[in-house]
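Down below is the structure, laid out as C-alpha cells.
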Amino acid sequence: MMSDIKGRVLNPMAYDALLELATRIGGRYVSWVDQAPSEAAGRHWTYAHIEMQRQVRQVDPNDAEAVEAKRAELRELWATMPAHAPVMAA
C-alpha cells in the first residue's frame with residue numbers, strides 16, 4: 001500500500017472498486033439508451049453516461065479522500081437508479 005503526503009494509507013483496491021461501480025452504472029445508462037423512446041432521450045442518457053465517465057477519470061487514484069468521495073456519490077446514484085429509464089418530460 002502507498003502512503004500519501006498526509007500519511008494516510010491508500011488502498012489500491014478502493015480505486016478499482018470505484019471503476020467497477022462506474023462500469024455498473026455505465027451499463028445501466030447503456031440499457032436506458034437502448035430503451036429510450038426517442039432519439040432525444042437516448043442522447044440524454046448517452047451524455048449522462050459520458051459525463052459520469054469524465055468525472056470518474058478526473059479522480060486522482062492516489063487521493064484517498066477524492067476516491068472515497070466519488071465512490072460515495074456513485075453508490076448513492078446506483079442505489080437510486082431504477083432498472084428502467086425514468087420517463088422524461090417532453
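The values are calculated or read from the model by the stated rules, or taken from the named source; none is laboratory data. For clarity, every value in this text was computed on a predicted model and none was experimentally measured. Counting neighbours? That spans all protein chains shown, and the Cβs are built from the backbone with ideal geometry, glycine included. Accessible surface areas use protein heavy atoms only, side chains included; no ligands, DNA or RNA. Shrake-Rupley method; radii C 1.70, N 1.55, O 1.52, S 1.80 Å.
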Open item on the list: With +1 assigned to the C-beta of every Lys and Arg and -1 to the C-beta of every Asp and Glu, and no other charges, what is the dipole magnitude of the chain about the Cα centre in debye, to the nearest 20?
Closed with: 60 debye
Task: FRET efficiency, THR80 to ALA14 (Cβ-Cβ, R0 30 Å, nearest 0.05) - done: 0.85
Open item on the list: Apply the Karplus curve 6.51 cos²θ - 1.76 cosθ + 1.60, θ = phi - 60°, to the phi angles in region 28-37 and return the couplings in whole Hz, x for Gly and Pro.
Closed with: 5, 4, 4, 4, 5, 4, 5, 8, 4, x
TODO: Give the Rg (one decimal place) followed by the Dmax (whole number) of the chain, computed from C-alpha coordinates and expressed in Å.
DONE: 15.6, 51
TODO: Kindly report, to the nearest 10 Å², the accessible surface of GLU39 as traced by a 1.4 Å probe over protein heavy atoms only.
DONE: 150 Å²
Task: Net charge of neighbours whose Cβ lies under 14 Å from the Cβ of VAL56, counting Lys and Arg as +1 and Asp and Glu as -1 - done: -1
- [ ] Quick one: order HIS44, HIS49 from most to least accessible surface, probe 1.4 Å.
- [x] HIS44, HIS49
TODO: Quote to one decimal, in nm, the extra length available between ALA69 and VAL87 on full extension: 0.36 nm per residue of separation minus the C-alpha distance between them.
DONE: 3.6 nm
- [ ] In a Gaussian network model over the chain where Cα atoms closer than 10 Å are linked, find which of THR80, THR46, THR23 has the largest mean-square fluctuation.
- [x] THR80
- [ ] Can you check what the net charge comes to around THR80, using other residues whose Cβ is under 12 Å from the Cβ of THR80 (Lys, Arg +1; Asp, Glu -1)?
- [x] 0
Open item on the list: Below 8 Å between Cα atoms, with a sequence gap of 6+, how large is the relative contact order for the chain in percent?
Closed with: 33 percent
- [ ] Using only Cα atoms, find the angle between the long axis of helix 39-57 and the longest principal axis of the chain, and express it within 0 to 90 degrees, rounded to the nearest 10.
- [x] 0 degrees
